[in-house]
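This is the structure I have questions about; it appears just below.
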Amino acid sequence: MKLYNTMTKRKEEFIPLHEGEVRMYSCGPTVYDYFHIGNARPFIIFDVFRRYMEYKGYKVTFVQNFTDIDDKMIQRANEEEITVKELADRFIEEYFKDADGLYIRRADYHPKATEHIDDMIAFIQKLIEKGLAYQAGNDVYFDTNAFKDYGKLSGQSLEDLEIGARIEIGKAKRNPMDFALWKGQKPGEPAWDSPWGPGRPGWHIECSVMANKYLGETIDIHSGGQDLIFPHHENEIAQSEGVNEKPFARYWLHNGYINIDNRKMSKSLGNFFTIRDISAEFDLEVVRLFMLSSHYRNPINFSRELLEQAEAALERLYNARDNLEYLISNAEDKAPSDEEREFLEKLPEFTADFERAMEDDINTADALGVIFELVREINTSADKGLSANAHQASLETLNKLTGLLGLLNKQKGKLDEEIEALIQEREKARAEKNWALADKIRDDLKKEGIILEDTPQGVRWKRV
RNA sequence: GGCGGCAUAGCCAAGUGGUAAGGCAGAGGACUGCAAAUCCUUUAUCCCCAGUUCAAAUCUGGGUGCCGCCUCCA
């Protein structure tokens, strides 16, 4: 498995710290609102990565946090006249609704910042003891000048960063790049007791602390959006390596942005679509396929047209599966022909190609291409007169590969007896060349959401 | 100013030295009572210029255009 590591700017062979295990931490949402499709990208792509590593036999421990206390949380809670806790509880629930719709599996741990305040205080104390942090008034700051590797992830020297810094030098800070570990309470803000007085943790410290707590001092993989490289991940490294004096993460994975009209989609620009918005018009599985149709590090544009393309592509996948299931239930049991043997020999090549794509830095676009090649092979096999056994093998391969990408989750289900009877009635009408009746039944069923297709192998149905 | 990314058909998109995957849309054809599904065929001076090489979408240099990070952001 090769992964592009932001730290080294190269693809590297993945070697876990502990044999057979993957410990990964992915930065999760700040739960002050519904998440948008830009947020959804890392959730989806790293969910796929996790599925794939499990498929490869690794024991994966996946942690994704919820940031449930920060400036935005406080501001939104004030606007809505509810507590920060109430706001967080609500949007954590909404997170899971949307994540479920996208078939994003639950992490092994979803730690919340507010439930780790004591751990954070202890961590900050260690930083102070090591001379890497200082108290200024009721705040505590990380002393970036005291950490020699500061800037190594983003490839920036502290000097360069300072030249470009747009940030105003806080009165209490020694250096413009220093960042808050602990913020003293301001009027009306929620606060926790600490050695520095009542206050709340800075944003960056939670990830260092929770990654350390759930995954250890050195983790295998840390992932998130490219916009977190600086300052968030840079600061996490400073904190974690400052305290532990060990590498924090072995591989840093960062996904590219979702753009609207070629501009980054972000809450601050206001040009975003939430997953909740999209779900009103599209099945969220379409969004999932859309996300996987390009490589995760490339930027992707978002538009309705592109979702429609993804929708059509997804339907092709479902058609292939439906057709296969139909063939299985109707194929004869018979001895395999030479053609069948050839087909069955070829089948594993698709899995091999798929794996090759995935192991090249999670190239889901290429992997999807392999699935579509498999689909053509399957569709072509329909009239080869293969045995049920052969079709079953095709189905298993298709399900395996699409399952690794988290696609084709919906099951077809069964038809009501009433509708079953109508289909039989139509078949009878067709046999009698009573096209008027046959077409009427087909139209009526379409209104019920059932589409009938008369294939060379027989009549088939699917839901709209 | 510093750091980084991208440019492949109408749209989307893989492909890091050997002569352009795949999806969507369109066109033509096959199958079909019709429709659908499916299959076959079809659409690319790989942004420009120069260089390296037997060979370049791929490497090097120089352009051009677009985007991102350096402030909260996935």
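The values are calculated or read from the model by the stated rules, or taken from the named source; none is laboratory data. Just so it is clear, the model here is predicted, and its values are computed rather than measured. So basically every Cβ, Gly included, is an ideal-geometry build from the backbone, and we count neighbours across all protein chains shown.
Taking the conditions exactly as written (part of a helix (DSSP H, G or I), more than 14 Å from A:Asp353 (Cα to Cα) and among the hydrophobic types (A, V, I, L, M, F, W, C)), does A:Leu401 satisfy them or not? Spell out how you get there, then give the answer.
Working: part of a helix (DSSP H, G or I): yes; more than 14 Å from A:Asp353 (Cα to Cα): no; among the hydrophobic types (A, V, I, L, M, F, W, C): yes.
No, not satisfied.
In the set A:Gln226, A:Gln239, which member is on the phi < 0 side of the Ramachandran plot and surrounded by fewer than 20 Cβ atoms within 10 Å (Cβ to Cβ)? Steps first, please.
Details: A:Gln239 fails: surrounded by fewer than 20 Cβ atoms within 10 Å (Cβ to Cβ).
Criteria check complete, one pass: A:Gln226.
Hey, A:Glu234 hits all of (1) within 30 Å of A:Phe179 (Cα to Cα); (2) touching a strand residue (DSSP E or B) at 6+ places or on another chain (Cβ under 8 Å) but one; which does it fall short on?
(2)
Table: residues versus (1) within 30 Å of A:Ser294 (Cβ to Cβ); (2) within 14 Å of RNA strand B (Cβ to nearest atom); (3) surrounded by fewer than 18 Cβ atoms within 10 Å (Cβ to Cβ).
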site	(1), (2), (3)
A:Ser387	no, no, no
A:Leu398	yes, yes, no
A:Leu401	yes, yes, no
A:Ala431	no, yes, yes
A:Trp461	no, yes, yes
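Okay, residues lined up against (1) in contact (Cβ under 8 Å) with a residue 60 or more places away in the chain; (2) away from RNA strand B (no atom under 14 Å from the Cβ):
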{"position": "A:Pro176", "(1), (2)": "no, no"}
{"position": "A:Ala180", "(1), (2)": "no, no"}
{"position": "A:Lys183", "(1), (2)": "no, no"}
{"position": "A:Ala191", "(1), (2)": "no, yes"}
{"position": "A:Ala211", "(1), (2)": "yes, yes"}
{"position": "A:Gly225", "(1), (2)": "yes, no"}
{"position": "A:Tyr251", "(1), (2)": "yes, yes"}
{"position": "A:Asn255", "(1), (2)": "yes, no"}
{"position": "A:Ser268", "(1), (2)": "no, no"}
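All but one of (1) β-branched (Val, Ile, Thr); (2) within 10 Å of RNA strand B (Cβ to nearest atom); (3) assigned to a helix (DSSP H, G or I) hold for A:Ile419, so report the exception by its number.
(2)
Under the condition of being of a type in the set (A, V, I, L, M) and assigned to a helix (DSSP H, G or I), which residue from the range A:327-354 is farthest from RNA strand B (Cβ to nearest atom)?
Here is the first cut: in the range A:327-354, the ones of a type in the set (A, V, I, L, M) are A:327-328, A:331, A:335, A:344, A:347, A:352.
Of the ones still in play, those that are also assigned to a helix (DSSP H, G or I) are A:327-328, A:344, A:347, A:352.
Numbers: A:Leu327: 11, A:Ile328: 15, A:Leu344: 19, A:Leu347: 16, A:Ala352: 14 Å.
Looking at the filtered set, the residue picked out is A:Leu344.
Right, another one. I'm told A:Ile260 meets every condition in (1) within 16 Å of the chain's Cα centre (by Cα); (2) within 12 Å of RNA strand B (Cβ to nearest atom); (3) of a type in the set (A, V, I, L, M, F, W, C) except one. Can you identify the failing condition by its number?
Of (1) within 16 Å of the chain's Cα centre (by Cα); (2) within 12 Å of RNA strand B (Cβ to nearest atom); (3) of a type in the set (A, V, I, L, M, F, W, C), only one is false for A:Ile260: (1).
I'd like the full set of residues that are within 15 Å of A:Leu102 (Cα to Cα), near RNA strand B (Cβ under 10 Å from one of its atoms) and outside any helix (DSSP H, G or I), limited to the range A:27-60.
A:Phe35, A:His36
For (1) assigned by TED's automatic domain parsing to the domain that holds A:Thr380; (2) within 10 Å of RNA strand B (Cβ to nearest atom); (3) under 23 Å from A:Glu325 (Cα atoms); (4) surrounded by 13 or more Cβ atoms within 10 Å (Cβ to Cβ), each residue gets a yes or a no:
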site: A:Ile423; (1), (2), (3), (4): no, no, yes, yes
site: A:Arg426; (1), (2), (3), (4): no, yes, yes, yes
site: A:Trp435; (1), (2), (3), (4): no, yes, no, no
site: A:Ile441; (1), (2), (3), (4): no, yes, no, yes
site: A:Leu445; (1), (2), (3), (4): no, no, yes, yes
site: A:Ile450; (1), (2), (3), (4): no, no, yes, yes
site: A:Pro456; (1), (2), (3), (4): no, yes, yes, no
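Now a separate question. Checking A:Leu87 against (1) out of contact with any strand residue (DSSP E or B) (no Cβ under 9 Å at 6 or more places or on another chain); (2) among the aliphatic types (A, V, I, L, M); (3) within 16 Å of RNA strand B (Cβ to nearest atom); (4) assigned to a loop (DSSP other than H, G, I, E, B): exactly one of these is not met. Which one?
With (1) out of contact with any strand residue (DSSP E or B) (no Cβ under 9 Å at 6 or more places or on another chain); (2) among the aliphatic types (A, V, I, L, M); (3) within 16 Å of RNA strand B (Cβ to nearest atom); (4) assigned to a loop (DSSP other than H, G, I, E, B) applied to A:Leu87, the lone miss is (4).
Here is a further query. Please verify whether the range A:126-137 includes one or more residues that are over 30 Å from A:Arg174 (Cα atoms) and not charged (D, E, K, R). Can you show your working first?
Here is the first cut: in the range A:126-137, the residues over 30 Å from A:Arg174 (Cα atoms) are none.
So far as the range A:126-137 goes, no, none of its residues is over 30 Å from A:Arg174 (Cα atoms) and not charged (D, E, K, R).
Which ones in the range A:270-285 are of a type in the set (Val, Ile, Thr) and free of Cβ contacts under 8 Å to residues at least 60 places away in the same chain? Step through it out loud before you land on a result.
Taking the range A:270-285 first, the residues of a type in the set (Val, Ile, Thr) are A:274-275, A:278.
Across the range A:270-285, there are no qualifying residues.
Then there is this: Find the residue count for the range A:18-41, including only residues that are surrounded by fewer than 18 Cβ atoms within 10 Å (Cβ to Cβ) and touching a Pro at 6+ places or on another chain (Cβ under 9 Å).
0
Let me ask another. Select from the range A:362-385 the residues that are more than 26 Å from A:Phe290 (Cα to Cα) and part of a helix (DSSP H, G or I) and write down the one among them that is nearest to RNA strand B (Cβ to nearest atom).
Pass one, the range A:362-385, residues more than 26 Å from A:Phe290 (Cα to Cα): A:381-385.
Applying the additional criterion that residues be part of a helix (DSSP H, G or I) yields A:381-384.
Numbers: A:Ser381: 9, A:Ala382: 6, A:Asp383: 8, A:Lys384: 11 Å.
That would be A:Ala382.
Which of (1) part of a helix (DSSP H, G or I); (2) surrounded by 19 or more Cβ atoms within 10 Å (Cβ to Cβ); (3) within 16 Å of RNA strand B (Cβ to nearest atom) is the odd one out, the single condition A:Ile69 does not satisfy?
(1)
Can you confirm whether A:Leu324 is more than 16 Å from the chain's Cα centre (by Cα), within 30 Å of A:Ser394 (Cα to Cα) and either more than 10 Å from RNA strand B (Cβ to nearest atom) or assigned to a loop (DSSP other than H, G, I, E, B) (or both)? Steps first, please.
On the way: more than 16 Å from the chain's Cα centre (by Cα): yes; within 30 Å of A:Ser394 (Cα to Cα): yes; either more than 10 Å from RNA strand B (Cβ to nearest atom) or assigned to a loop (DSSP other than H, G, I, E, B) (or both): yes.
Answer is yes for this residue.
Still on this structure, please answer the following. Consider the range A:230-249. How many of its residues are part of a helix (DSSP H, G or I), modelled with pLDDT of 95 or more and of a type outside the set (Asp, Glu)?
Going residue by residue through the range A:230-249, those that are part of a helix (DSSP H, G or I) are A:230-244.
Within this subset, residues satisfying the condition of being modelled with pLDDT of 95 or more are A:232-244.
Narrowing the set further to residues that are of a type outside the set (Asp, Glu) leaves A:232-233, A:235, A:237-240, A:242-244.
Number of matching residues: 10.
Based on this model, can you work out whether A:Pro231 counts as surrounded by fewer than 23 Cβ atoms within 10 Å (Cβ to Cβ) and near RNA strand B (Cβ under 6 Å from one of its atoms)?
The answer is yes for A:Pro231.
Continuing with this model, one more query. Would the range A:100-121 turn up any residue that is more than 20 Å from A:Glu206 (Cβ to Cβ), within 15 Å of RNA strand B (Cβ to nearest atom) and touching a Lys or Arg at 6+ places or on another chain (Cβ under 6 Å)?
Filtering the range A:100-121 for residues more than 20 Å from A:Glu206 (Cβ to Cβ) gives A:100-105.
Cutting the leftovers down to within 15 Å of RNA strand B (Cβ to nearest atom) gives us A:102, A:104.
Filter again for touching a Lys or Arg at 6+ places or on another chain (Cβ under 6 Å), leaving A:102.
Within the range A:100-121 (the criterion being more than 20 Å from A:Glu206 (Cβ to Cβ), within 15 Å of RNA strand B (Cβ to nearest atom) and touching a Lys or Arg at 6+ places or on another chain (Cβ under 6 Å)), the answer is yes, since at least one residue qualifies.
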